[in-house]
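What follows is a short report on a single structure.
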Amino acid sequence: MIAMELLDRRVVDSLPLAICTVDLEGRITSANRAWSRVAHTSAVPESADTDLRGLAVWDAIGDPSARQQLEHAMSLLRAGRASTVSVEHVSGPTGAERVFLLQLSPLRDDHAVAGFTCSAADITPCHHSRQALIDSGISLSRPVSQERVYQEVAQQIRRLTPCDGLAIALVGPDAESARLAWHSGFDGPAEAIERRFRPTFAATLAAGRVLSTESDTALEMCAPMEGADGVVGAMLLVAAPIESPQRRGEIERILATVAAQSGAAIERVGVVRQHERKRRLESTGEVAAGVAHELRNPLFGISSAAQLLRFRAREDPVVEKNVGRILREVERLNRMVTALLDYGRPRPLRLTAADPDDVWDVVVEASRGLLESRALRLERSRDDHHSRGMFDTEQLAQAFRNVLVNAIDAAPEASDLALSTSALPGGAWRCRLHNGGPAIPAETLERVFEVFFSTKPGATGIGLALSRRIIEEHAGSIVLESATDGTTCTIVLPLPLPPAATRARPSAETSVAH
């Protein structure tokens, strides 16, 4: 019997988990050697031979403030209101605290509770990670620029993980692919880095969870970044190989949490930018409308006077020539005034069920003369199904027309334009208009949707700004991308009607306009 008790004691002492038993009053009746890691205070020195029997468990762990929690836990277990109860306990001096998770379970004699077992696990690393993630969330709640978000993310990731490289990719307006937006710790141009990690970003977005791959030289982990409105992008971490499965799991959880925090921060930055842009455009629109209103009457007077002068001096070719010039300039200014009024005083949307492909058909047909004047060929392709939604077809046609005119103006003569439209899996409609013109410089590309900004002589700089406002009022997005092979304008519009409201086309269509 003594040998059996000695064997039982050796087995309990060999466990890495700290375990003790306590009576109904909370006094320790037995404890294994590992318990000394938890119960070392000034009253109970750290020693494997320390006898803790008879000492209250809250005194043994050196935390009298835990008494209320432990007594409440024991009362729950006695009453049968819980099978186990967990309590966190912090011990040690400030700056070198250790955090333990105490778990209490009942010991039964027949059906009555005769005492309790108390196990303690050191969760200090997890606690520190959790605290660091809280700090990370607080830090990422402050930035008001996207670049600042990237800097905060890099700082927090390096604090929490053994990070050698970090890359962030954001989804495009169609939410089908991710483009590299920021990177740190990688050599080479951004294009090469994007090509290298593009399959990883795509697989992560498709899976919707953290994916990791490990080789003899590196560990790659990629987590999706999600905001309130859906997927924002993906975050990829590269580090040295990690042998411990527990540590790998912890890094996965950290990356997933920081990615979620970053997605929310980036989405918040976008909302702030959109709100600021909307207020700025509203102010600009009010000024533009006021100026246009003041110009309209004088322009009418100038036009009338010029017409009268032309009538009275019909025989004078010099007068006729100059009057013609006046009238042409007045007409140009009238067009500008009309554009200013359209932009500055937009009318409310008049939504009807419509197919944006049909709107494009009307715009393309009305622009055949402009296409022919520059010997341009428009290749048109679309899906097999109608994409019906609620749109203001008149305003949408105006937005499409402005985009098409800009594409025609930028295209080389006798070249091809490509217009493709399709329904996206997420329930949206997308169109892409591509021309083969020269690449737009980066500094110009950033400003193409600004009011009054234009690189074309005599242009008002209102067309694309008006198009963006119309598209955004339809809850859509418009993006311009430019490269050496030309420029592509991508428009995405939501389709609020259910699938039952759509009707199938007989077959796919491809039309060519000259």
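How long are the three semi-axes of the equivalent ellipsoid of segment 187-264, in whole Å, if each is the root of 5 times an eigenvalue of the C-alpha gyration tensor, listed from largest down?
Each semi-axis is √(5λ); the values are 20, 18, 10 Å.
Using θ = phi - 60° and the Karplus form 6.51 cos²θ - 1.76 cosθ + 1.60, what ³J(HN,Hα) does each residue of segment 188-204 get, whole Hz, x for Gly and Pro?
Taking θ as phi minus 60°, the curve returns x, x, 4, 4, 5, 5, 5, 4, 5, 9, 4, x, 5, 4, 4, 5, 5 Hz for segment 188-204.
Using the per-residue mean of other Cβ atoms lying within 10 Å as a proxy for protection, in what order, highest first, do the peptides 261-270, 348-357 fall?
261-270, 348-357
Translational D (Stokes-Einstein, µm²/s) of segment 144-225 at 10 °C and 1.306 mPa s when Rh comes from the Kirkwood sum over C-alpha pairs?
Value of D from the Cα-based Kirkwood radius: 117 µm²/s.
On the full set of protein chains, 1.4 Å probe, figure out the accessible area of Met390 and give it in Å² to the nearest 10.
About 70 Å², rounded to the nearest 10.
What FRET efficiency comes out for Asp361 versus Ala112 if R0 is 51 angstrom and r is the Cβ-Cβ distance? Round to the nearest 0.05.
The calculated FRET efficiency here is 0.05.
Report the relative contact order of segment 173-283, percent, no decimals, based on alpha-carbon pairs under 8 angstrom and at least 6 residues apart.
20
Using amide H atoms built 1.01 Å from N in the peptide plane, name the residues 5+ places from Ala18, or on other chains, whose amide H lies under 5 Å from its own.
Ala120
Using a ≥ b ≥ c from the Cα gyration tensor of segment 333-468 (square roots of the eigenvalues), is it rounded, prolate or oblate, where a/c under 1.5 gives rounded and otherwise the larger of a/b and b/c decides, a/b for prolate?
oblate
Which value in nm describes the separation of the simple spin-label points at Thr213 and Glu329, placed 7 Å from the Cα toward the beta carbon?
6.6
Could you report the accessible area of Lys321 in Å², rounded to 10, computed with a 1.4 Å probe on the protein chains as they sit in the structure?
Estimated to the nearest 10 Å², Lys321 gives 130 Å².
Quick one: grab the alpha carbon gyration tensor of segment 343-420, order the square roots of its eigenvalues as a ≥ b ≥ c, and give me rounded if a/c is under 1.5, else prolate or oblate depending on whether a/b is larger than b/c.
It is oblate, given that a/c is not under 1.5 and a/b is not larger than b/c.
Which percent of the accessible heavy-atom area of segment 314-419 goes to carbon and sulfur, probe 1.4 angstrom?
C and S fraction of accessible area: 51 percent.
Using a Förster distance of 56 Å, how high is the FRET efficiency between Glu25 and Glu147, based on the Cβ-Cβ distance and rounded to 0.05?
Efficiency, from the Cβ-Cβ distance: 0.40.
Per 0.36 nm of contour for each residue apart, how much would the distance between Ala414 and Arg98 grow if the chain were fully extended, relative to their Cα-Cα spacing?
106.3 nm
Can you give the extra length, in nm with one decimal, that the chain gains between Leu17 and Ser244 once fully stretched, where that is 0.36 nm per residue apart less the Cα-Cα distance?
Extending this stretch completely gives an extra 79.8 nm.
Suppose the chain between Phe453 and Val405 were pulled fully straight at 0.36 nm per residue; how much longer would it get relative to their current alpha carbon spacing?
15.7 nm
Rounded, prolate or oblate: pick one for segment 398-480, where a ≥ b ≥ c are the square roots of the eigenvalues of its C-alpha gyration tensor, a/c under 1.5 means rounded, and failing that, prolate if a/b is larger than b/c, else oblate.
oblate
The values are calculated or read from the model by the stated rules, or taken from the named source; none is laboratory data. These numbers come from a predicted model, not from an experiment. Here Cβ is always computed from backbone atoms with ideal geometry, including for glycine, and neighbour counts include all displayed protein chains. Only protein heavy atoms, including side chains, enter the accessible area calculation; ligands, DNA and RNA are left aside. Shrake-Rupley method; radii C 1.70, N 1.55, O 1.52, S 1.80 Å.
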